[in-house]
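Worksheet for the structure shown next.
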Amino acid sequence: MTASLRKLNRLTVQQVAERAGLSRGTVTRLEAGDAGVSLSSMLSVFRALGIVDLFLDGIDPYRTAIGQAQANRTLPKRVRN
């Protein structure tokens, strides 16, 4: 996913790495799907690509019908969105 977005933005791995404050190797590992890349590094790359908000919206449980149903079942009314 990040490789496609990087290429659509016409950025090299080195440019993304510099913008994210990471090594070129870390960005390459992230693009290869290496599970050992830290969440902090991943968010730095997403920020460098301008997609951190899309990522955070994507993991918001209230954005899906299943997440909303689960929240309604398990969270007290005062906590619900």
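Residue-by-condition table, conditions (1) outside the structural domain of Arg6 (by TED's automatic domain parsing); (2) touching a helix residue (DSSP H, G or I) at 6+ places or on another chain (Cβ under 7 Å); (3) among the β-branched types (Val, Ile, Thr):
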site: Val16; (1), (2), (3): no, yes, yes
site: Arg19; (1), (2), (3): no, yes, no
site: Gly25; (1), (2), (3): no, no, no
site: Ser40; (1), (2), (3): no, no, no
site: Gly67; (1), (2), (3): yes, yes, no
site: Asn72; (1), (2), (3): yes, no, no
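Highlighted here are the helices (runs of 4 or more DSSP H) found entirely within the range 17-67 that include at least 1 residues which are modelled with pLDDT under 95, loosely packed, with under 11 Cβ neighbours inside 10 Å and not basic (Lys, Arg): 39-49, 52-58.
The values are calculated or read from the model by the stated rules, or taken from the named source; none is laboratory data. Because the structure is predicted, anything quoted here is derived from the model rather than measured. Positions of Cβ are backbone-derived with ideal geometry, glycine not excepted, and every protein chain shown enters the neighbour counts.
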